[in-house]
Amino acid sequence: MKKPLLGSFEAPKSRAHMLGSLQKIHLPMKRFSESDEVDYVIVGCGSAGGVLLQRLARAGFNVVALEAGPFWDTELDWVSDESGSHQLYWEDPRVTGGSDPLALGANNCGRGVGGGSVHWAAFTPRFHPSDFEVYTRDGVGADWPIDYDIIRPYYEQLELEMPVAGPAYYPWGHPHGYPYGPHPMGGVGNALIKGCTALNIPVSIGGPVAILSGSHGDRPHCIYRGFCIQGCKVGAKASTLVTHVPDALASGAEIRDNSMASRIELGKNRRVTGVHYFDRDGNAHFQKAKAVIIAGYSIETPRLLLNSACPGFEKGLANSSDTVGRYMMAQAGNVVLGRFDQPVHMYKAPPAHALTEEFYETDPKNDFARGFAIQTVGPLPIAFGKEMVAAKRAWGWGLRREMMDYNHWATFGLLGEILPWPDNRVTLANETDHFGLRIAHVSFNLHDNDKRLIKTAKEKTTEVMYAAGATEVIQEARFAHLVGAARMGSDPRTSVVDKFGRTHDISNLFVCDGSRKALPTPPHHSGTRRSHGRLPNLSTRCHLYV
Ligand SMILES: Cc1cc2nc3c(=O)[nH]c(=O)nc-3n(C[C@H](O)[C@H](O)[C@H](O)COP(=O)(O)OP(=O)(O)OC[C@H]3O[C@@H](n4cnc5c(N)ncnc54)[C@H](O)[C@@H]3O)c2cc1C
Ligand code: SF4
């Protein structure tokens, strides 16, 4: 054959990035000079930073995002393979401690353009109104300086932009529907439906997930092969890499990838002047800016503020309250695995596709405040193998036997609310990374309310698994979803940022990421639970919300 039938195999003439099987982005992008004083520098181009970049660029601001990881080309950089996707996670060294140390690395922070939204499972349930007034209702945590009604239009807007597929009627929290139809069920979703139905527990099926249930622009439909937390090479799962970054660049934003912010510079009159960073070769740079927004997530945001200590802010930048790094939360994320006689094929669906939030609110019958959700999880074989090692101490031939049985197992995950405690904290370790920057020390401790909640949540999830028909049920303790450590509040003495994300101490320094999300325990908290307003009762009959 002299010529290939379908054109040539030559390299593309323009520098085009693939962001999915069909979506392309044409580089180069606009470039600013370091001596330009841009309007904003955003540190971190992840879930929050990516959206913010697009919003600011569209509004006409000169904006540069510094991103520690690479700008992914999904065709060249990603593989649909569990062991080949570790570069998606923030795997730099950190020290973990406390009475219940968190496993760090994979399963918490992202790295690279898109951040954690590249490897998230794309479950998108909204906060409930009660989440914003936990202290008023339940006597624990504290109320936010904003409420659900302020956030609600933004949920509605982003659910259209990502977009989110889910039931037409979702009953929990503030009842609402989703703009795109729900997904078909996989084996684990069917098990959750069966278990919940048998116990009269309402269950939502087919979402809400930010995964395409139909094609959308230049992004294709989900093909149900289960590699969502490996990045979704297809481009069906929403990440800011495929949803907001292309428009940000088209609107004139710049992303400097492989650029690790090392320190924020404080100038005169308590105003920041820009960000010091290292490029991929370790060369030091400084980008001038009128304002700086940190969007590095719950560990790296406080780390950067602490590493930016300077005269006037000896305990860390914007840390006059000594709350930077404190009140870090995770969710209890225990996985409950059940073995079924019939094959389940749990890889044949997005891991997240059905859930119940029936136990989300505080229930006076419980001996703890707040609650939990139960969702589908679909670990691929390596994760499943680790769970078998942890839960059954399986090893050698025994582990091999369990692995051969993979297709008969279903996995549910619980998402349990852990309260904010001041001793759950990010500080600086004495060790340094390859740039010479002090690394984070993360200390995590479960308190009584957390332990009681986890115990009940595990028991309920196990009950649902048996009710679904499992013949053997095991569980592995895990934590997921970090939040907090640069908390929002009205009082500058007890919080880092105000309700707009502006640091109380420095008027042109902002935080916009998961680290802002924290419900502080006020100093006068007595530890006792108060009566709380209940949301309207849901029917105890079983409902499938589609
Ligand atoms: C396996 C997994 C599944 C998940 N599934 C879900 C889910 O289904 N639903 C859900 O709601 N949440 C889920 N999450 C959580 C979700 O991914 C995070 O809450 C979210 O990504 C946090 O967004 P962020 O913008 O705060 O941080 P990120 O998205 O992590 O972005 C931070 C970015 O900042 C960069 N950065 C950090 N420090 C620096 C620095 N000094 N200089 C330059 N860049 C820096 C990082 O490289 C990163 O790209 C999941 C998480 C994991 C690990
Ligand atoms: S199952 Fe997940 S990885 Fe596969 S196409 Fe759908 S969203 Fe993407």
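The values are calculated or read from the model by the stated rules, or taken from the named source; none is laboratory data. Worth saying up front: this structure is predicted, and the values here are computed from it rather than measured. Because the Cβ atoms are built from the backbone with ideal geometry, glycine has one as well, and the counts that use them run over all protein chains shown.
Figures for the structure shown
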{"item": "Qualifying positions in the stretch 217-238 - touching a Phe, Trp or Tyr at 6+ places or on another chain (Cβ under 6 Å) and within 14 Å of ligand 1 (Cβ to nearest atom)", "result": "GLY226, GLY231"}
{"item": "Conditions (1) under 30 Å from ALA191 (Cα atoms); (2) modelled with pLDDT of 95 or more; (3) within 16 Å of ligand 1 (Cβ to nearest atom); number of the one not met by CYS512", "result": "(1)"}
{"item": "Subset of the stretch 346-405 (residues that are out of contact with any Asp or Glu (no Cβ under 9 Å at 6 or more places or on another chain), part of a loop (DSSP other than H, G, I, E, B), more than 30 Å from ARG137 (Cα to Cα) and more than 16 Å from ligand 2 (Cβ to nearest atom))", "result": "ARG393, TRP395, ASP405"}
{"item": "Test result for ASP247, within 13 Å of ligand 1 (Cβ to nearest atom), modelled with pLDDT of 95 or more, surrounded by fewer than 24 Cβ atoms within 10 Å (Cβ to Cβ) and farther than 30 Å from THR462 by Cα", "result": "no"}
{"item": "ALA318 vs. criteria more than 20 Å from the chain's Cα centre (by Cα), within 30 Å of ALA253 (Cα to Cα) and in contact (Cβ under 8 Å) with a residue 24 or more places away in the chain", "result": "yes"}
{"item": "Tally of residues being away from ligand 2 (no atom under 16 Å from the Cβ) and in contact with a strand residue (DSSP E or B) (Cβ under 7 Å, 6 or more places away or on another chain) across the stretch 48-75", "result": "15"}
{"item": "Selection count, the stretch 349-371, where residues are at negative phi and more than 15 Å from ligand 1 (Cβ to nearest atom)", "result": "13"}
{"item": "Qualifying residue in the stretch 494-501 (condition: modelled with pLDDT under 95, part of a loop (DSSP other than H, G, I, E, B) and small (Gly, Ala, Ser))", "result": "no"}
{"item": "Pair list, Cβ < 6 Å and 6+ apart or interchain, from the stretch 56-76 residues that are at negative phi to residues that are among the hydroxyl-bearing types (Ser, Thr, Tyr)", "result": "LEU56/TYR40; ALA57/SER251; ARG58/SER251; PHE61/TYR40; VAL63/TYR40; LEU66/SER259; LEU66/TYR277"}
{"item": "Hits in the stretch 254-281 - residues which are more than 21 Å from ARG502 (Cβ to Cβ) and of a type in the set (A, V, I, L, M)", "result": "ILE255, MET260"}
{"item": "Unique match (being away from ligand 2 (no atom under 16 Å from the Cβ), in a loop (DSSP other than H, G, I, E, B), touching a Phe, Trp or Tyr at 6+ places or on another chain (Cβ under 8 Å) and at pLDDT 95 or above) among ALA518, ALA485, ALA457", "result": "ALA485"}
{"item": "Among the residues listed as ARG303, ARG280, the single one being free of Cβ contacts under 8 Å to residues at least 40 places away in the same chain and more than 16 Å from ligand 2 (Cβ to nearest atom)", "result": "ARG280"}
{"item": "Every residue from the stretch 91-119 that is crowded, with 21+ Cβ neighbours inside 10 Å and either within 16 Å of ligand 2 (Cβ to nearest atom) or part of a strand (DSSP E or B) (or both)", "result": "GLY110, GLY114, GLY116, SER117, VAL118, HIS119"}
{"item": "Yes/no for GLY416 being at pLDDT 95 or above and crowded, with 24+ Cβ neighbours inside 10 Å", "result": "yes"}
{"item": "Among the candidates ALA198, ALA289, residue that is over 25 Å from the mean Cα position of the chain (by Cα) and surrounded by 24 or more Cβ atoms within 10 Å (Cβ to Cβ)", "result": "ALA289"}
{"item": "Tally, over the stretch 405-443, of residues that are of a type in the set (A, V, I, L, M, F, W, C) and more than 30 Å from GLU459 (Cβ to Cβ)", "result": "7"}
{"item": "Residue in the stretch 235-244 that is within 28 Å of HIS183 (Cβ to Cβ), touching a Cys at 6+ places or on another chain (Cβ under 7 Å), hydrophobic (A, V, I, L, M, F, W, C) and buried (at least 24 other Cβ atoms within 10 Å of the Cβ) present", "result": "yes"}
{"item": "The stretch 49-108, residues that are away from ligand 1 (no atom under 12 Å from the Cβ), at pLDDT 95 or above and β-branched (Val, Ile, Thr)", "result": "VAL63, VAL95, THR96"}
{"item": "Options ARG263, ARG271, ARG303: the member that is out of contact with any helix residue (DSSP H, G or I) (no Cβ under 7 Å at 6 or more places or on another chain), modelled with pLDDT of 95 or more, within 12 Å of ligand 1 (Cβ to nearest atom) and among the basic types (Lys, Arg)", "result": "ARG303"}
{"item": "Residues of the stretch 390-421 that turn out to be closer than 20 Å to GLY338 by Cβ and out of contact with any Pro (no Cβ under 8 Å at 6 or more places or on another chain), as a count", "result": "18"}
{"item": "Candidate set: the stretch 330-348, residues that are under 12 Å from ALA457 (Cα atoms) and either away from ligand 1 (no atom under 16 Å from the Cβ) or among the aliphatic types (A, V, I, L, M) (or both); chosen: the one surrounded by the most Cβ atoms within 10 Å (Cβ to Cβ)", "result": "VAL336"}
{"item": "Filter pass, PHE127 being within 16 Å of ligand 2 (Cβ to nearest atom) and either at pLDDT 95 or above or surrounded by 15 or more Cβ atoms within 10 Å (Cβ to Cβ) (or both)", "result": "no"}
{"item": "Every pair of residues 6+ apart whose Cβ atoms lie under 9 Å, when the first sits in the stretch 109-132 and is at positive phi while the second is within 16 Å of ligand 2 (Cβ to nearest atom) and among the charged types (D, E, K, R)", "result": "GLY112/ASP77; ALA122/LYS237"}
{"item": "One residue from GLY385, GLY398 being crowded, with 18+ Cβ neighbours inside 10 Å and touching a helix residue (DSSP H, G or I) at 6+ places or on another chain (Cβ under 9 Å)", "result": "GLY385"}
{"item": "Test: residue in the stretch 202-214 that is within 13 Å of ligand 2 (Cβ to nearest atom) and farther than 15 Å from VAL164 by Cβ", "result": "no"}
